[in-house]
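Q: Okay, handing you the structure first.
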Amino acid sequence: MDHPGTLILIMAVAVLAPLLAHGLARRVRVPLVIFEIVLGILIGPDVLGWAHSDEVIDVLSDLGLSMLIFLAGYEIQFAAIRGDTLRRSVWAWVISLVAGLAIALALTGLDFPRSVIIGTALTSTALGTVLPILRDSGDLQGRFGTVMMAFGAVGEFGPIIAISVLLSGRDPGVSTVVLAVFAAITAGAVYWAMRPRPPWFSRIIRTTLHTSGQFAVRFVMLLLVAMLALSEAFGLDVLLGAFAAGLLTRLVLQGTEPEVGDEVLGKIEAMGFGFLVPLFFIVTGIEFDLASLLDGGRPLVLLPVFLLLFLVVRGLPAYALAPRDLSPLSRRALTVYSATCLPLVVAITTIGLDEEVLGKGEAAALVGAAMVSVLVFPLLGLRMRAKEGGAGPQRRDAAETETW
């Protein structure tokens, strides 16, 4: 590790962030992720210069992003979102992709590689960020939660597919074939996960749940690492493997030991939200190119433009294709929740920077706009739902989850 003190600073920020969120909760509700990113920027090279990323920290940050996408995949309950709602959510995202690519082509002067990066980033939804908000407000279990789950799942899964096909560096036709093979293998894994487990499997989960063996947790981590390795072997984005691993984990746990599934998930969430996920967001702040954003007029102008485009490209199709049984206020809330993004924007812009097809200023403007979306859009969604009377009494303290 080139900068051992950086990891200590990161963990200190991870402890400080929920304290700040808790202290400000009575005055203003600010998503915890904002504190993590802003504090990361503060200790990063462009401000105080205390923290610097290195290979070890980057690997841990990548694991944090994978864990975030894994937990989002685990939350998806396709049995509840299938049918017309799922079809509407898919079509809404397809329209978003077409609109995003068209607008990006206009912005970049028909520069296709840059347009793919920008256009795909505009179509993402931060389901892993939105779900805890819905859970705390009591909206996750109702009709609105089911619809938001569908639109958010497609908004998370669709860009990952687009990244794998359009940003892999291969011919799109070859990428589609490779993706189809990966999907076939994943479908086989899903079939296996849905089959009854042998009695010894359930028995060892129960007997090691509170011992140093922790069989279930180790098995879940094996699934995650295996799917990450599989996607890497196929030349696909590892986030696709993380999402698939989350889906598989839900099927395995529910089909084997549903009564202990929540407890196992709690252990995984503790590992993720207690260490890896905040590390990802803090490192995002450390690596955020604040100087490029503030060093010229165009990036700073692009930030509010991109923020508006998140609403137009991702939010408006969600509003237009929302199920008709939702009230106008709920459809507006769906619009702003769907336009909330960050993790995939960070991942996509990182790819653009690595491939040298996206400028530092544009990347900083995209990530900056995504940060603002996480701060502003969920607050608007909560107020809309509360005004309608849809938010339940289950809202917890602001610092009890990763998002609040």
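Q: Select one label from [x] 29; [y] 25; [z] 33: the one whose number is percent of Cα pairs over 33 Å apart as derived from the coordinates shown.
A: [x]
Q: Who wins for biggest fluctuation among Val181, Val357, Val98 in a Gaussian network model of the chain, springs between alpha carbons below 10 Å?
A: In the Gaussian network model the winner is Val181.
Q: Whenever you get a sec, line up Glu156, Glu269 from highest to lowest accessible area (probe 1.4 Å, protein heavy atoms).
A: Glu269, Glu156
Q: Can you tell me the dipole magnitude for the stretch 287-349 around its Cα centre, using point charges on the Cβ only (Lys, Arg +1; Asp, Glu -1), in Debye to the nearest 20?
A: 380 debye
Q: Looking at Leu105, Thr186, Ile76, which one has the Cα that reaches farthest to the positive end of the dipole of the chain (charges on Cβ: Lys, Arg +1; Asp, Glu -1)?
A: The listed residue farthest towards the positive side: Ile76.
Q: In terms of the Cα gyration tensor, with a ≥ b ≥ c the square roots of its eigenvalues, is the stretch 154-256 rounded because a/c is under 1.5, prolate because a/b exceeds b/c, or oblate?
A: Note, shape of the stretch 154-256 comes out prolate.
Q: Another question about this same structure. For the chain, with only Lys/Arg (+1) and Asp/Glu (-1) charged at the beta-carbon, what is the dipole magnitude about the Cα centre, in debye rounded to 20?
A: 1680 debye
Q: Another question, then. Once phi is turned into θ = phi - 60°, what whole-Hz ³J(HN,Hα) does the Karplus curve with 6.51, -1.76 and 1.60 give for every residue of the stretch 7-20, x standing for Gly and Pro?
A: My calculation for the stretch 7-20 gives 5, 5, 4, 4, 5, 5, 5, 4, 7, 5, 4, x, 5, 5 Hz in order.
Q: Spelling out what I want: for every residue of the stretch 239-254, take phi, set θ = phi - 60°, compute 6.51 cos²θ - 1.76 cosθ + 1.60 (Karplus), and round to whole Hz; glycine and proline get x.
A: Computed from phi, the couplings for the stretch 239-254 are 5, 5, x, 5, 5, 5, 5, x, 4, 5, 4, 4, 5, 5, 5, 5 Hz.
Q: Hey, how many Å between the Cα centroid of the stretch 179-215 and the Cα centroid of the stretch 116-158?
A: 26 Å
Q: If you don't mind, another one. Keeping the other protein chains in place, figure out the carbon and sulfur percent of the accessible area of the chain, with a 1.4 Å probe.
A: Solvent-exposed carbon and sulfur of the chain make up 65 percent of the total.
Q: Which of Val225, Phe280, Val252 sits closest to the plus end of the dipole of the stretch 206-361, meaning its Cα is farthest towards the positive end, when Lys and Arg get +1 and Asp and Glu get -1 on the C-beta?
A: So the residue furthest toward the plus end is Val252.
Q: How would Phe112, Phe280, Phe35 line up by accessible area, probe 1.4 Å, largest first?
A: Final ranking, largest accessible area leading: Phe112, Phe35, Phe280.
Q: Report the net charge of residues surrounding Ala333, where surrounding means a beta-carbon distance below 11 angstrom and charges are Lys +1, Arg +1, Asp -1, Glu -1.
A: +3
Q: In terms of solvent-accessible area of protein heavy atoms at a 1.4 angstrom probe, what is the ranking of Thr6, Thr146, highest value first?
A: My answer, sorted largest first, is Thr146, Thr6.
Q: Then there is this: Can you tell me how the stretch 257-370 classifies by the Cα gyration tensor, rounded, prolate or oblate, using a/c under 1.5 as the rounded cut?
A: Because a/c hits 1.5 or more and a/b fails to exceed b/c, the stretch 257-370 counts as oblate.
Q: Which ³J(HN,Hα) values in Hz, rounded to whole numbers, follow from the phi angles of the stretch 317-326 under the Karplus curve 6.51 cos²θ - 1.76 cosθ + 1.60, where θ = phi - 60° and Gly and Pro get x?
A: x, 5, 5, 5, 9, 4, x, 6, 7, 7
Q: Further question on the same structure: Using mean Cβ contacts within 10 Å as the protection proxy, how do 217-229, 339-351, 373-385 order, highest first?
A: So the peptides 217-229, 339-351, 373-385, ranked by packing, come out 339-351, 373-385, 217-229.
Q: If you don't mind, there's one more thing I want to ask. Asp237: accessible area at probe 1.4 Å, nearest 10 Å²?
A: 30 Å²
Q: While we're on this one: For the stretch 199-270, what does the accessible surface come to per residue with a 1.4 Å probe? Please give it in Å².
A: 44 Å²
Q: When the helices in the chain are scored as -39500 (n - 2.57) per DSSP H run of 4 or longer and the sum is shared across all residues, what 222 nm value do you end up with, to the nearest 500 deg cm²/dmol?
A: -24500 deg cm²/dmol
Q: Over the chain, calculate the relative contact order: mean separation of alpha carbon pairs under 8 Å at least 6 apart, over the residue count, as a percent.
A: Reported relative contact order: 31 percent.
Q: Right, something else. How many angstrom lie between the C-alpha centres of the stretch 1-67 and the stretch 275-332?
A: 20 Å
Q: Out of the stretch 260-366, which trypsin sites (Lys or Arg not before Pro) are coil in DSSP terms and have no more than 10 other C-beta atoms within 10 Å?
A: Filter output for the stretch 260-366: Arg324.
The values are calculated or read from the model by the stated rules, or taken from the named source; none is laboratory data. Only a predicted model underlies this, so the values are computations on that prediction, with no experimental measurement involved. Cβ: placed from backbone, ideal geometry, glycine included. Neighbour counts: every protein chain shown. Please note that ligands, DNA and RNA were not included when accessible areas were found on the heavy atoms of the full protein model with its side chains. Shrake-Rupley method; radii C 1.70, N 1.55, O 1.52, S 1.80 Å.
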